[in-house]
Amino acid sequence: MKSRSAFSSKLSLVVVGRSGSGKGTQAKFILDRLGKDAYYIETGRVLRELLTHENPTTILARNIMKTGGLFPSWFGSFAWLREFIEGGHGGNHLVFDGAPRKVGEAKLIDDVMKWHGRQKPFCIYVDVSEKSASRRLLARGRDDDHALAIRNRMQFFKKDVLPVIEFYRSQKRLIQVSGERPIEEVWQEIDTKLSKHLKHLWRLPLKQKKK
């Protein structure tokens, strides 16, 4: 049985940004960079899987997703915690996409990582304007990417997610990059800045991958 100290070099990275910012694409670049030991906690996917069940809770939750509202913190936290615990991912590098969306959830993730003897999460903020994000979502054409849902997502981002970004900034656990450029340029800046801030912890996975 491994002790908590065995997980001290495991990274927990949180990728945040407006819907349509391209954060999911950058999260996948990070996963590739970390190698086979990394696990992707994509909260949106887990929520959609939960909503395939038919019960009073999921009926209410489907309306939130349909209208682009913000799920209660307990609902989103349950989604990623279930995947984290049932999958046994406490010893993996972790990339969070879609969580946290409120400061309380960010503190919960901190607490979970601390309990496992891991480093506190580091946040990557992919910044795009509301106009650019809305245009991208409309072009994507997913069923829940209609005008009302997009408007609601932009509103809760300003109200709830921006304070999360400031929480990480205040603790010097944030890098911010512009997502208004080509995908590869955004990724190169993320890679460079993570190497600068995380030093050997960011370079270590690449060395392991080459063995």
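Throughout, read-outs are computed from the coordinates displayed, never taken from laboratory work. Computed from a predicted model, the values in this text were never measured in an experiment. Neighbour counts run over all protein chains shown; Cβ positions are idealised from the backbone, glycine included.
Both numbers refer to the Cα atoms of segment 1-70; Rg and Dmax are 16.3, 45 Å.
For Leu138 and Gln188 in one chain, what is 0.36 nm times their gap in residues minus the Cα-Cα distance, to one decimal in nm? Display every interim value, and only then the final one.
Numbers: separation 50, 0.36 × 50 = 18.00 nm, distance 2.68 nm.
In short, 15.3 nm is gained.
Given a cut-off of 20 Å, name the pairs among Lys120/Lys193; Lys102/Lys196; Lys10/Lys36; Lys159/Lys196; Lys107/Lys131 whose C-alpha atoms lie farther apart than that in the structure shown.
On the way: Lys120/Lys193 17 Å; Lys102/Lys196 27 Å; Lys10/Lys36 13 Å; Lys159/Lys196 30 Å; Lys107/Lys131 30 Å.
Pairs exceeding 20 Å: Lys102/Lys196; Lys159/Lys196; Lys107/Lys131.
Restriction of the trypsin sites (Lys or Arg not before Pro) in segment 125-209 to DSSP coil positions whose beta-carbon has at most 12 other beta-carbons within 10 angstrom yields Arg142, Lys172, Lys199. The calculated pair-distance distribution of segment 112-161 uses every alpha carbon pair, bins of 5 angstrom beginning at 0, and gives 4, 16, 21, 18, 11, 8, 9, 10, 2 percent.
Any chance you could run the full-extension gain for Glu54 through Glu130? It's 0.36 nm times the residue separation minus the Cα-Cα distance, nm to one decimal. Mind showing how you got there, number by number?
Details: separation 76, 0.36 × 76 = 27.36 nm, distance 3.41 nm.
Gain on stretching Glu54 to Glu130: 24.0 nm.
Neighbour counts of C-beta atoms inside 10 Å place Val186, Val161 in the sequence Val161, Val186, starting with the fewest.
Near the amide H of Leu94, within less than 5 Å, lie the amide hydrogens of Leu11, Ser12, Leu13, Tyr39, all on another chain or at least 5 residues away, with H placed in the peptide plane.
Computed over the chain, the quotient of the alpha carbon radius of gyration and 2.2 N^0.38 Å is 1.01. Which angle from 0 to 90°, rounded to the nearest 10, does the C-alpha axis of helix 147-156 make with the longest principal axis of the chain? Between helix and principal axis, roughly 50 degrees.
Each label was represented as a point 7 Å from its Cα along the Cα-to-Cβ direction; for Ser178 and Lys114 these points are 3.7 nm apart. A crude spin-label estimate for the pair Gln171 and Ala6, with each label 7 Å from Cα along the Cβ direction, gives 2.6 nm. Placing one equal scatterer on every Cα of segment 42-116 and applying the Debye formula, the log10 ratio I(q)/I(0) at q = 0.24, 0.27 Å⁻¹ is -1.18, -1.40. Treating each Cα of segment 93-211 as an identical point scatterer and summing with the Debye formula, the log10 of I(q)/I(0) at q = 0.16, 0.17, 0.23 Å⁻¹ comes to -0.93, -1.02, -1.41. Among the chymotrypsin sites (Phe, Trp or Tyr not before Pro) in segment 70-99, none is located in a DSSP loop while being surrounded by at most 11 other Cβ atoms within 10 Å of its own Cβ.
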